[in-house]
Each structure stands twice: as structure tokens, then as C-alpha cells.
Amino acid sequence: MASAGMARGVRAALAALAVAVFAGCAPSDPAADGGMLADANDWPLWGRTDGEQHYSPLNQINTNSVGRLSLAWHYDLPSGNSATGPLAADGKVFVTSGHSYIRALDAVTGDLLWEFDSHTRELDPAMSMGWGPRGIAYWNQRVFVTTEDGRIFALDANSGETLWETRDFGLDELRNQNGPPRVFDGKLIIGNGGADLSAIRGYVSAYDAMTGERVWRFYTVPDFSQEPENEAMRIAAATWHGVTPGQAGGGTAWNAFSYDPELDLVYIGVGNGFPYNQAIRSPGGGDNLFLASIVAVRADTGEYVWHYQTSPGEQWDHVSVMDMTLATLRIDGRERRVLMQAPKNGFFYVIDRETGEFISAEAFARVTWAERIDQETGRPVENPGARYHGRPGMFELWPGFRGAHSWSPQSFSPRTGLVYIPVIEGATLVGDEGIDVDSPTAHFTNGTVNDSNPDLPGARRSFLRAWDPVSQRERWSVELPGDWPGGTMATAGDLVFQGRIDGQFVAYNARSGREVWSFASQAPIVGPPISFSVDGRQYVTVITGNGATGGGMLTEGLVGYRTDYRLPRRVLTFALDGGDVLPPLDPMPPLAPPDDPTFRSNASLEARGAMVFAMNACMVCHGNNAVAGGAAPDLRTSPYPSDREAFHDIVRGGALQTAGMPRFDHIPVADAEALRQYLRARGQQIGQD
Ligand code: HEC
């Protein structure tokens, strides 16, 4: 404890020094927001620094030199999720792909230095819904890796040897862990997800990064079967009414955290409630804290300090787990230490990060659930009908369940003062007409009737938007292909980098939004880019390939783009006058109905197969209605559904388990046969959708 306290003192002193040194650069240099503690040449954490600005202070690659930016090296990854963010430190690039498979590459040459297999595929046959972690963390010569099934590893950054290993939750718990871990103040911070599926109780854990000992755990919602165990839970429990213990919960923190070393606060982004429908979850209403909130806790103890709730009484899957960017902004003539978040609900929030005080919020995308956020109270002014319970028909909810912004990180440039947000424009039709909210089965579909991604005018679109957080206005906006925008990075070269679903890696002028450079990456890009420097040379790295978390599940908005699983997944690294080229792309046969002469239509078996497909979450990897988005093969054109034995070997027997296809040995033979029938029928329907 003493040494941790001392380290924090040293960090605070360094931060103060950084403010002093950089005070000359800009009147309110937000780079001091935890930013200067990371070596400017490295990118050791998901957002590079504790303040999660996704900003590189390097400027060798800039608006003048960017024309010379070209590929320096590439590294081919095997199959599996690659919608992930890399790290760079000490002359190495660290990459996670698939199910927590880690590679360390030489940052200058791209040569493989070591690799680490967490063996998640063998240990967790269900692969916890299929998304490996989106990122990893680096600190003090260590690489930190989490697995979907709840394990945490600290690896020696030089050898890949395991230094410690621990488990945050049991294999049998209905949780998954796929957010990038953070290391703040010598502690590893990690949350988990799963509140779309059952009434789990969300929490965040902190581990000593040196030893793996658990330091604290913060629960985000009460345990309704007991008296509140602390002050935070007393505050929370008073906002839930009529709850049946075991039937309500959520508040998982599956993605974002940030940290202010001077205030000694860790910020937790909290998710949705289970079930979504508040009439089931908390029939007496209430805000249901700390769902859809930002909660500040003491870094040392995990003790509650303040909270701000973005969607009180959340019932639209409007999670607040999106990244929380820390900066210092001059607002109304005052320097404010702020936290900025663009959560799913479509409003961009600026919050005082010392006190949690609401400063401002405006819509950055189309919003129908609320008219505005009241300036006095900081609470939304909801629109009639948004609380769908008991109303006939469906409410046209914008942003829909996917949100106006998901886990793809926004970035902030202290030079331009702008936030670069990957924006999704989309809707969900939602209601609960016909649902018996008192029935236990109402929990399926979260107590709602919904169409989660309907094809409405203006929906299924995406944008890169530059947002001025002081005036709360859009500065510029670029429409992107598809409806799943990639993560962004801003640099001191006044550039914003972002990959696109159509296989382009693009740099924009950070001030004007003009496209100034692009590279044909041969494959979709979802993960965020990073930048680092070795021996005075600046590099930019990004990983290509889609995954389940890259919109690979709700594929309707990706149809028409080449997100095919057969496309290469790669680590691409760029520098000025790079000199490497990608090999030409192998031609791929177009998706066409497979030759299946023995197929006979059987509507009832096909309907049952569609149900089995949905109940087993096959669409998480193989796409809604078996239309794949790049996370796994398109099963409509696969030869296996028409080959009984091979199909059963793969699906029930786990024949492709090491390649990332889970084993579903609990599916009865008759249901697997229904699946086969459904997939063959879907194959014959190609071109008819
Ligand atoms: C965790 C993500 C994931 C889930 C969930 C998943 N699959 Fe797969 N599946 C894969 C991947 C990845 C492959 C490709 C493996 C490889 O590269 O050979 C695959 C391959 C297959 C194949 C072989 C296709 C071919 O042409 O090579 C079949 C058949 C299949 N899956 C059926 C299913 C069914 C049916 C379900 C639901 C019961 C399901 N999968 C759920 C990831 C998944």
C-alpha cells in the first residue's frame, strides 16, 4: 500500500511538472490530463494515456508530409476476430486476435518475437459468444491479457512468459470479458458483460498489476436479496422499486474506464439493465442506479465518489460504456477539468470530472427518445412514447439498440480542441405490446418486441464527426460506407486516422475534414489505429479484418461491402517512405447459391432451424439470418450444410474448434438437422433477399 501511495505521489508530481513544462504550448494544454505520463513515443494503453484521448503527440507524419506515408511492413494473422486495437512500447508492437491469442512483433521490421495462446478455445467451448477481447494493456515491461471466460494474465513483455494468472469470474457464470483491460496507478482495471442475457450483477475489479492480488471490487447495482452493503449501494437501492430478487440486474461495465491521477479517481462507464423493459425490471419505476451512468471511484479503494446518469430508468439498451475522454477546456471563461462521453443515447456530454457536475449535452446524432437534456437538472426531457410499456405498437427509437456510438473509440486533439466521433445513425422499433410482463418467459427478448435495425430512411448509415465540446456543435462530418464506423486516432500532425468497412485506411485533415491520404487495405478495418516512434521515426499501425464486435452480427448495413471472412486479416504498419507492398488479393468467387440438387424445401423444419440458429447465437459470428459480416464464413454458401456427417462433426463435434468455431454438443441431432435445412434454404435464397 505504501509503495502504491508513493508511486501515485510521484505520478501527481510528474503530472504537475508536465503542466508547467507544457504550459507554454497552449493556454490550456489538455495533454497534461494524464497524457504526459506515457512516453510520447509509445502507445501502451487502449487510449494511449490514462485520459483516453486516443491522441499521439508525434507530428513527423503531418498534413504536409502525409503524401509520403506508405506501408513499412505487414504481418498476416490467421483466422479469428481481428476487430482489435494494437499497442506499442519499447520497440515492440503487441497484438491480440482471435480468442486472446497474443503476438509481439518487432516494431521496425514486423518480425514475430513471441506468441502466447490463452487456450480459450479449448477451455471455453462456447467461446462466450465469440468475441475475443478488443484490446490489451502494457505497463512496466508487462503485457496484460484477459479472456472471454474470465481469466487475466500478466505476461513478460520480452519473452511472453506468464508472470501471474488469475480468474475474475467462474467459467459457469453468464459473463464475458472482452473490453480492453486498463492499467492505472499500478492496478489492472477490468469489467465484464452479459447483461443482455441474464440478470447478472455488474461489477468492476482492480488487481495489483505486479502480483495479481485483487485490490477492490465495485458493484454497479444492488444485490436485491440483501441489505445494501455500503453507501454506494444505499444510494442505488433507493432508486429501484418493486424488484423481484434474481429477476433484475445488469449495469455491466464491459468497455471503458479512464483515470485522473491528480484527483485519484477512476471513472467507470456503466451499461444497461436486464431485462431492458423497466416494467419487468423495476415495476415501480425509478432511476435504477447505477445503470447507464458514469461513476467515479477512488483509485486506491474503489470507494464511490460521484455519479452522473446519462439515461435514468434506462430501457433502450442505451449503455454509458463508451470511452470517457479527459481534457481541460476553457468554458465560459473558466478552465474546467472535464470528462467527455458520447454514449449510445445520442447526446454528447461534458461533465466536471472532479465533482460530477453536469456542464452541457447536445445531440450528436438523430435522437427521438428525448427532446433535450435540461440545463438546470442535467436530466433528459423524454419524448412521449419513449417509455413504451403498455402502449400499443412500436416506438421508433433513435438511436436504436446499437446506439449512436459504440465501442469504436472517439479521439480528442488538444491542438484543434475537437472530438472525432465514429457515429452510427440507426433506429430500433421497440414496444411491449402482447408481452405478459409477469411471465418469466418475458425475459427472452428482454421483455420487448423489437426490430433492432430496421431499414428506415436515414438509418443504417455512419459518419466521422468532428465535434466542438465547448460550443457543443458539429464542426465537420464525413459520411462513411456501411453502418459500422472504425475507431479513430488524432495526432499532433493535425491528422485523424480511421479505417473503413470498405477496405480503405484514411487520414483526414483534423481541422477541415478533408481526406488527405488513403490506403487500400484489401479488407475491412474496424479496430482503432495507434501511432508510435522508434529511433526518431514515426509509425502508424492498424489491424484489418472484421469480427463479431465489428457489426459482424447485425450485417444488414454491411451487405454490399466486402467484409467477407475469406479476406486477409493483417497488422499494417506505415511510415514516411515505407517501401512495403501488399501481395495482390486472391480473387474470391462471388456469393452464389451452392449447387445443392438434393435440397427440398420444408417450411416447418426451416422455421425450426431458424429458431435453433437464434437460440444458440450462431448469428453473433455468422450474422443475422445467416448473412455473414466477416467474423465467420457465410453459411449460405458453405458446402457443409448439405453434407450431413461433416456438418454434425463441425457443429456438434467441435471439428473446427481450434479455428474458432465453438462446439455445440448440447444441440440435439434433430435440431442440428433443422439447422442444416434452414442453412440450405438460406443458400438457395441468395439474391432473393
Ligand atoms: C464464436 C463465433 C462462432 C459462433 C457463435 C458460431 N460459429 Fe460457426 N464458425 C465460426 C468460425 C470462426 C468458423 C470458421 C473456422 C475456420 O476458419 O475453419 C466457423 C465455421 C462454421 C462452419 C463451417 C463453414 C465452412 O464453410 O467452413 C459451420 C457449418 C458453422 N460454423 C456452423 C455454425 C452454427 C450452426 C452455429 C450455431 C449453432 C455456429 N456456427 C456458431 C465461428 C462461430
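Structure above, values below:
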read-out	value
Qualifying residue in the range 157-179 (condition: in contact (Cβ under 8 Å) with a residue 60 or more places away in the chain and hydroxyl-bearing (Ser, Thr, Tyr))	no
Residue 435 being at pLDDT 95 or above and either out of contact with any Cys (no Cβ under 8 Å at 6 or more places or on another chain) or within 26 Å of residue 134 (Cβ to Cβ) (or both)	no
Flag for residue 559 being surrounded by fewer than 20 Cβ atoms within 10 Å (Cβ to Cβ) and within 22 Å of the chain's Cα centre (by Cα)	yes
Positions within the range 537-565 being away from the ligand (no atom under 13 Å from the Cβ), among the aliphatic types (A, V, I, L, M) and outside any strand (DSSP E or B), in sequence order	554, 558, 559
Which listed residue is in contact with a strand residue (DSSP E or B) (Cβ under 9 Å, 6 or more places away or on another chain) and under 28 Å from residue 624 (Cα atoms), from 455, 483, 468, 436	483
Subset of the range 624-635 (residues that are open to solvent by 20 Å² or more (accessible area, probe 1.4 Å) and more than 10 Å from the ligand (Cβ to nearest atom))	624, 625, 627
Among the candidates 403, 385, 378, 390, residue that is in contact (Cβ under 8 Å) with a residue 40 or more places away in the chain, in a loop (DSSP other than H, G, I, E, B), in contact with a strand residue (DSSP E or B) (Cβ under 6 Å, 6 or more places away or on another chain) and among the small types (Gly, Ala, Ser)	378
Residue match in the range 72-91 (condition: within 16 Å of the ligand (Cβ to nearest atom), within 25 Å of residue 517 (Cβ to Cβ), open to solvent by 30 Å² or more (accessible area, probe 1.4 Å) and at pLDDT 95 or above)	yes
Residue in the range 651-689 that is farthest from residue 597 (Cα to Cα), counting only those that are within 6 Å of the ligand (Cβ to nearest atom) and open to solvent by less than 20 Å² (accessible area, probe 1.4 Å)	662
Criterion (open to solvent by 40 Å² or more (accessible area, probe 1.4 Å) and outside any loop (DSSP other than H, G, I, E, B)) met by exactly one of 268, 235, 294, 280	235
Test: residue in the range 221-237 that is among the hydroxyl-bearing types (Ser, Thr, Tyr), closer than 17 Å to residue 299 by Cα, modelled with pLDDT of 95 or more and in the same structural domain as residue 297 (by TED's automatic domain parsing)	no
Subset of the range 429-440 [open to solvent by 60 Å² or more (accessible area, probe 1.4 Å) and either over 14 Å from residue 279 (Cα atoms) or assigned to a loop (DSSP other than H, G, I, E, B) (or both)]	433, 434, 436, 438
Qualifying positions in the range 342-375 - part of a strand (DSSP E or B) and touching a Gly at 6+ places or on another chain (Cβ under 7 Å)	358, 363
Flag if residue 308 is in the same structural domain as residue 264 (by TED's automatic domain parsing), open to solvent by 10 Å² or more (accessible area, probe 1.4 Å) and part of a strand (DSSP E or B)	yes
First in the range 634-656 and not assigned by TED's automatic domain parsing to the domain that holds residue 679 and small (Gly, Ala, Ser), second anywhere and more than 8 Å from the ligand (Cβ to nearest atom) and assigned to a helix (DSSP H, G or I), Cβ under 6 Å, 6 or more apart	none
Exclusive hit being farther than 30 Å from residue 451 by Cβ and either open to solvent by less than 10 Å² (accessible area, probe 1.4 Å) or not hydrophobic (A, V, I, L, M, F, W, C) (or both), set 322, 340	340
Subset of the range 603-623 (residues that are more than 11 Å from the ligand (Cβ to nearest atom) and either out of contact with any helix residue (DSSP H, G or I) (no Cβ under 6 Å at 6 or more places or on another chain) or open to solvent by less than 20 Å² (accessible area, probe 1.4 Å) (or both))	603, 604, 607, 611
Criterion (open to solvent by 10 Å² or more (accessible area, probe 1.4 Å), not in a loop (DSSP other than H, G, I, E, B) and not assigned by TED's automatic domain parsing to the domain that holds residue 660) met by exactly one of 519, 505, 532, 497	519
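The values are calculated or read from the model by the stated rules, or taken from the named source; none is laboratory data. Please read these numbers as outputs of a predicted model, since none were measured by experiment. Reconstructed Cβ throughout: ideal geometry from the backbone, glycine too, with neighbour counts over all protein chains shown. Heads up: the accessible areas ignore ligands, DNA and RNA and are worked out on the full protein's heavy atoms, side chains in. Shrake-Rupley method; radii C 1.70, N 1.55, O 1.52, S 1.80 Å.
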